[in-house]
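What follows is a short report on a single structure.
What follows draws every value from the coordinates through simple rules; no lab data is involved. Since we're looking at a predicted model, the values are computed, not measured. Here the Cβ is made from the backbone with ideal geometry for all residues, glycine too, and neighbour counts use every protein chain on show.
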Amino acid sequence: MSKTVDQVYALLPVVHRQRDEEAGEPLKALLSVIAEQIGIVEHDIERLYENWFIETCNDWVVPYLGDLVGYRPAPEIRERGVVDDERPTTQEAVFASRREVANTLRFRRRKGSLALLEFLAGDIAGWPARAVEFYRLVAGTQGVKHRVMSRNNMIDLRRGDELDLLNTPFDVLPHTVDVRRLASRCSPGRYNPTHVGLFVWRVRAYPVGRTEAAAVDTAKGRYRFDAFGHDVPLYTLPIEEPEPTHIADEMNLPVPIRRRALSDRLADYYGAGKSFCIWIDGAKTPVDLKDLVSADLSDWNYSFRKSRPAVVVDPERGRIVFAHPPQTVHVAYHYGFSADVGGGEYDRPMIHVVGKVRTTALNPRPYQVSVGQNLIATLQQWKTNQPTHAVIEIESSGKFDVGVVSLSLGPNQSLHLRAANRARPVIRGAFKVTVDSGSRLMLDGLLIDGTLLVQGGQDTTQAEVLLRHCTLVPGKGQDASPSLTLTRLGKKAVIESSIVGPVLVSQHEVRTEPIHIRVINSIIDAGGDEATAVGAPNHEAAHAVLCIERSTILGQVRAHAIDAAADVIFTGAIHVDRRQRGALRFCYVPAESRTPSRHQCQPDLAEQEAERQLRTKQPTATPEDVAVARRAVRNRMRPSFTSRQHGMASYCQLSASCRSEIVRGAEDEGELGVFHDLHHPQRLANLEGRLNEYIPAGMEAGVILAS
């Protein structure tokens, strides 16, 4: 019985309550229905009060409060109008203007100040930023009576730190004047007395808690921070700026740590709770700050002296060398990436598991060497108990070496192997899972340096496989082995917010129905455009029906059918057997592909427009002329990425030089590919449309992508 019902019931005279109890409380039952409506009315009244304040009001009230203070939406918002209700969480950060409305009056009072531009970038686009007045970096002669010794000097070659920052957002050296416009898309010019640049960072710094470092040569004390053994630059954990007028520097932004910066400000970067930390031999306290030094370890060589230092760190490559090789090395650090994809120590809402029974929670001792044995023992316990529904949760960001793990799911049995929220476990080994009719396998939040094989029985098995926020480390080169192999599965497989290597499907095309594979917000990396990202053995078409949304496929796709594909980048050719079924919408599809019907795809639209313009200029154009024009447009329209190497911060991020037809090629005019839901083009347009309102007259402001 709710408190509201008791309150309403207590308002009745005692005599009526006594009579109601004698009759079996029918009046109280009636009041319980009335009290429910009273609660709804009270809630509405509370919401009316909360709608007076921008911090607590409903989303629909924000424009009305903004109108009271004269707020005008950015051009991108005015053109789009209302946010899509179907996926509001991915667009609220871009199109909901709550923060900017709340700060409208504050921004107006600070109009014309440099630090305000950094606040604009955070409130409008959600990007950390650094504002730069380029007139301070323009070399020029000075009057004898009004000399400023700190400006426009010649370059001092003895100042290595300043030279290290040359042509970066933190540049302090004088440059010759640049007459090009800052807003020019082809060749922007920076160093001009009227230019103000706003450098923004699209890459974020993600943490990695205490975990085992990757050993390269233990005898020589050589290790890498990255658990997969990649050369990954360490990133700065941004700290809050001391005051509103402060201009952001390297310590306030998610930027790679430079060797010289680490050498000069080691105490700012190193230590527990800072950008990175190192522990050896199971110690509870980290390596002493005095024992560390920053150096270039590109060839792994460093000449140690008898005295300190004892540990050398190369932050730009993520390498460590010890003077005296330790038994164990654990590290905590930050790496750069664009979005919450592939697993990591970020907030990851847990999915509901029907009938779940939490069999165990792994929490290995922080300094235990053989951490992987705990996971193996837990899996063995699951094999022994064989519960119908089980959840195995790994609560630490440790490293687990499991070798080859064989699991078997019975009929209608489910196994959910997941990482705890904000945990990043790395598992080295191969999984071989046998499923039966009605069984379900779910992997969530895991980083697996190995392969996953899921196979049914003799005939097709109606089982489900779900990969969510996982990484199956892609191989290298054209002959990369499959990361995920599906054999004799007749129901579906889902890859969501994950990074995987090639997907191999082995199904009998005559006796079995095709498996349904759905890919959402993910990357499938085959290692090259000519390699097979999705297919069957011997380069045959996978007996599968694909449904792909907002993903990047690096490689060729060979499939039985594609039911739907939307906002997807395919870098390799697509070969579909049943082309009468399904459709591709708002995708990039290579010209040599054989697909179902395509709607608003590139480079088809660009080729058609090029042909139309050619025939308008040259009505007598020959087929050869048309073919040349189409080929030229096709070559220009290829997607360009900042990096295609897994492990890099800008992995699969569209480069600044990528064509607008790709950057704005999605159905909602967002970018194609896995990072569609970040809405980078809309953020950029909103920020650019707002900058000129807050700079002095005669100045030109521009947004520069620093990452």
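Its Cα centre serving as origin, the range 358-599 has a Cβ charge dipole (Lys and Arg +1, Asp and Glu -1) of approximately 420 debye.
Taking only the alpha carbons of the range 3-50, we obtain Rg and Dmax values of 13.1, 43 Å in that order. Full extension of the chain between SER408 and ARG581 yields a length gain of 58.8 nm, computed as 0.36 nm times the residue separation minus the alpha carbon distance. What FRET efficiency comes out for GLU540 versus ASN421 if R0 is 35 angstrom and r is the Cβ-Cβ distance? Round to the nearest 0.05. Once rounded, the FRET efficiency stands at 0.30.
If only the Cβ of Lys and Arg carry +1 and only the Cβ of Asp and Glu carry -1, the dipole of the chain around its Cα centre is close to 1680 debye.
Cα-based radius of gyration for the range 606-677, normalised by 2.2 N^0.38 Å, reads 1.42.
Using the Cβ of ASN421 as centre and a radius below 13 Å, the other residues enclosed give a net charge of -1, where K and R count +1 and D and E count -1. The charge dipole of the range 93-141, taken about its Cα centre with unit charges on the Cβ atoms of Lys, Arg (+1), Asp and Glu (-1) only, comes to about 220 debye. Applying a threshold of 27 Å to the alpha-carbon distances of LYS383/LYS491; LYS383/LYS492; LYS111/LYS145; LYS399/LYS491; LYS274/LYS399; LYS111/LYS274 flags LYS111/LYS145; LYS399/LYS491; LYS111/LYS274 as lying beyond it.
Plugging the Kirkwood radius over Cα pairs into Stokes-Einstein for the range 358-599, at a temperature of 37 °C and a viscosity of 0.692 mPa s, what D comes out in µm²/s? It would help to have the intermediate numbers written out before the result.
On the way: Rh = 18.2 Å.
Here the translational diffusion coefficient equals 180 µm²/s.
In terms of other Cβ atoms within 10 Å, HIS195, HIS146 run from fewest to most in the order HIS146, HIS195.
Classify the range 564-707 as rounded, prolate or oblate, taking a ≥ b ≥ c as the square roots of the eigenvalues of its Cα gyration tensor: rounded when a/c is under 1.5, otherwise prolate if a/b is larger than b/c and oblate if not. Cα axes put the range 564-707 in the oblate bin. Summarising the label geometry, the points placed 7 Å from Cα in the beta-carbon direction at GLN600 and GLU55 lie 4.1 nm from one another.
Tell me whether the chain comes out rounded, prolate or oblate; compute the Cα gyration tensor, take square roots of the eigenvalues as a ≥ b ≥ c, and use a/c under 1.5 as the rounded threshold.
Working: a/c = 1.23, a/b = 1.14, b/c = 1.08.
Verdict is rounded for the chain.
Peptide packing for 622-630, 591-599 was compared via the average number of neighbouring C-beta atoms within 10 Å per residue; ordered from the highest value, the list is 591-599, 622-630. The tail of the calculated P(r) for the range 450-594, taken as Cα-Cα distances beyond 26 Å, holds 13 percent of the pairs.
With the simple spin-label model, which puts each label point 7 Å out from Cα in the Cβ direction, the LYS617 to THR218 separation comes to 6.6 nm. The calculated FRET efficiency for ALA656 paired with GLU241, based on their beta-carbon distance and R0 = 35 Å, is about 0.85.
Of the residues CYS186, CYS277, the one with the fewest other Cβ atoms within 10 Å heads the list, and the complete ranking is CYS186, CYS277. Computed across the range 204-337, the Kirkwood hydrodynamic radius from all distinct Cα-Cα pairs reaches 15.0 Å.
Per residue of the chain, what 222 nm ellipticity follows from adding -39500 (n - 2.57) for every DSSP H run with n ≥ 4, rounded to the nearest 500?
Details: 17 runs with 150 residues, N = 707.
So the helix-based figure for the chain works out to -6000 deg cm²/dmol.
Each residue in THR471, THR245, THR285 was given a count of other beta-carbon atoms within 10 angstrom of its own, and listing them fewest first yields THR285, THR245, THR471. In this simple spin-label model, placing a label point 7 Å from the Cα along the Cα-to-Cβ direction at both SER184 and ALA139 gives a separation of 2.0 nm. Across the range 358-599, C-alpha contacts under 8 Å between residues 6 or more apart give a mean separation that, scaled by the residue count, equals a relative contact order of 10 percent.
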